[in-house]
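Engineer: Quick one: the structure is below, questions incoming.
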Amino acid sequence: MLSWLKSLFARKRPEYVRGQRSTPSADTRRGAGGDEGPAVSEAVEAVRRKSEAEKWRADGVGNLDSQAKRKDGGIENEHELVVRVARRIEERTFDLPQLPATQMAAMNMAGDPNCDINGVVELISTDPVLSSELLRIANSPAYSKDEPAETLHEAVMRLGTRVLRSMIYTVSIRGSVVSVKGLKTYSEEIWRQAFMVGNIAKGIAPKLKMEPEKAFLLGLLHDIGKIVLLSILKSENLNAKDLTPSTVGRIFYRFHERAGGLMAETWKLSPEIISVIQKHHDFRGNEEHPRSAALVSLAHRMDLHLSTADNESFDELLEAEEFDVLEVLPGDREAILSAGRAAYQQEFARNRKVA
Ligand SMILES: [Fe+2]
Ligand SMILES: [Fe+2]
């Protein structure tokens, strides 16, 4: 699992992404193009989904939002812990993960429409981790052209400043998550969810007439409060054996929007991103940016269902209230869910391969 986490940026598109371990296409699921009849292929698919979900749970803590709904599985003194966490947030007695200065400066420069590319390159070159990640991403299948990008300048030109900003955030968030030691399985799940929700949001954005890179950032960052909460739990001297996914999930659910707002202000994120981080579960209540809040809420729910292999309730998303706020007519919803599922499956296949 750790190797999967480390290798998220080393995306060599594997041979068998389209082979047996990858999720079959909708046509294959229906039995088209194969020797099996529909019933056999659906049964095989059901077994595959179940075993993937079990492996996911066995590897880590599972989707914490689904664990939070369980009535059992909490730690004995959960209530006392919740009270302590609430008090620490109220009194702000915790350290916020900091965004490295170079990354924040590079992000600000890249966000300026008249930015000086040479200045951005010079700045990034002072950060070896950022430099190597950007070169690697620029040469990944999604961006590489015939000739490899050999210099940082070529990499930045290839990615463009919008993608560059997303990449810097992605590197920063990953760095913040993995810096919380001792609760590795939880930090891996936070990262998995952030990355997947970002990719789902990006995948459905064009059908909603929204800008894909902005959608990716909203999805990637919307739950950053969970990183703050994880470091609070760590500073309470709690390790994985002292906690359960149900307890952590409930603490996340209760406090993550508030904790995330504090982190977003410290990181000087844009007013829209801060607003969505602070209020996305009650997306109708987000008066400033209801569409963006509904977008991440929908992407989050898609990830929740797909990561728990619960396809029946995935289809129930056709009735999701988020679609009303996004002004999507019932007849157009299935295509959006399919785009989200495809984005999820693409990343899932890539990352399971390199694990
Ligand atoms: Fe959330
Ligand atoms: Fe979320």
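The values are calculated or read from the model by the stated rules, or taken from the named source; none is laboratory data. What you are looking at is a predicted structure, and each value in this text was computed from that prediction instead of being measured. Note that we place each Cβ from the backbone using ideal geometry, even for glycine, and neighbour counts take in every protein chain shown.
Engineer: Give me the residue from region 263-279 that is modelled with pLDDT under 90 and of a type outside the set (Phe, Trp, Tyr) and, out of that set, surrounded by the fewest Cβ atoms within 10 Å (Cβ to Cβ).
Structural biologist: Only one residue tops the list, namely Lys268.
Engineer: Within region 311-322, how many residues are within 16 Å of ligand 2 (Cβ to nearest atom) and either at positive phi or touching a residue at least 40 places away in the same chain (Cβ under 8 Å) (or both)?
Structural biologist: 0
Engineer: Moving on. Taking Asp303 and the conditions (1) more than 16 Å from ligand 2 (Cβ to nearest atom); (2) in contact (Cβ under 8 Å) with a residue 60 or more places away in the chain, which numbered condition does it fall short on, given that it satisfies the others?
Structural biologist: Tallying (1) more than 16 Å from ligand 2 (Cβ to nearest atom); (2) in contact (Cβ under 8 Å) with a residue 60 or more places away in the chain, Asp303 fails exactly one: (1).
Engineer: Out of all the residues in region 204-216, which are surrounded by fewer than 24 Cβ atoms within 10 Å (Cβ to Cβ) and either farther than 17 Å from Arg162 by Cβ or within 16 Å of ligand 1 (Cβ to nearest atom) (or both)?
Structural biologist: Lys207, Leu208
Engineer: Please count how many residues of region 204-225 are touching a residue at least 60 places away in the same chain (Cβ under 8 Å) and either among the aliphatic types (A, V, I, L, M) or within 16 Å of ligand 2 (Cβ to nearest atom) (or both).
Structural biologist: Count: 9.
Engineer: Tell me the helices (runs of 4 or more DSSP H) entirely within region 147-249 that contain at least 2 residues that are closer than 16 Å to Leu295 by Cβ.
Structural biologist: Result: 184-204, 212-221.
Engineer: Between a first residue in region 280-293 that is in the same structural domain as Tyr253 (by TED's automatic domain parsing) and in contact (Cβ under 8 Å) with a residue 12 or more places away in the chain and a second residue that is assigned to a loop (DSSP other than H, G, I, E, B) and within 16 Å of ligand 2 (Cβ to nearest atom), which pairs have beta carbons less than 6 Å apart while being 6 or more apart in sequence or on different chains?
Structural biologist: His280/His222; Ala293/His280; Ala293/Asn286
Engineer: Of the residues Asp282, Asp324, Asp242, which is among the charged types (D, E, K, R) and within 22 Å of Leu217 (Cα to Cα)?
Structural biologist: Working: Asp324 fails: within 22 Å of Leu217 (Cα to Cα); Asp242 fails: within 22 Å of Leu217 (Cα to Cα).
Result: Asp282 is the single residue among Asp282, Asp324, Asp242 that is among the charged types (D, E, K, R) and within 22 Å of Leu217 (Cα to Cα).
Engineer: On to the next question. Just name the residue that is nearest to ligand 1 (Cβ to nearest atom) out of those in region 264-320 that are among the hydroxyl-bearing types (Ser, Thr, Tyr) and within 20 Å of Gln67 (Cβ to Cβ). Don't jump to the end; show me each part of the working.
Structural biologist: So the first thing to find is which residues in region 264-320 are among the hydroxyl-bearing types (Ser, Thr, Tyr), and the list is 266, 270, 275, 292, 297, 307-308, 313.
Then drop every residue that is not within 20 Å of Gln67 (Cβ to Cβ), which leaves 297, 307-308, 313.
On the way: Ser297: 8, Ser307: 14, Thr308: 16, Ser313: 18 Å.
The residue in question is Ser297.
Engineer: Given (1) of a type outside the set (A, V, I, L, M, F, W, C); (2) over 24 Å from the mean Cα position of the chain (by Cα); (3) in a loop (DSSP other than H, G, I, E, B), where does Pro141 come up short, assuming only one miss?
Structural biologist: In the conditions (1) of a type outside the set (A, V, I, L, M, F, W, C); (2) over 24 Å from the mean Cα position of the chain (by Cα); (3) in a loop (DSSP other than H, G, I, E, B), Pro141 misses (2) alone.
Engineer: Tally time: how many residues in region 179-203 are away from ligand 2 (no atom under 15 Å from the Cβ) and surrounded by fewer than 24 Cβ atoms within 10 Å (Cβ to Cβ)?
Structural biologist: Residues that pass the stated criteria total 8.
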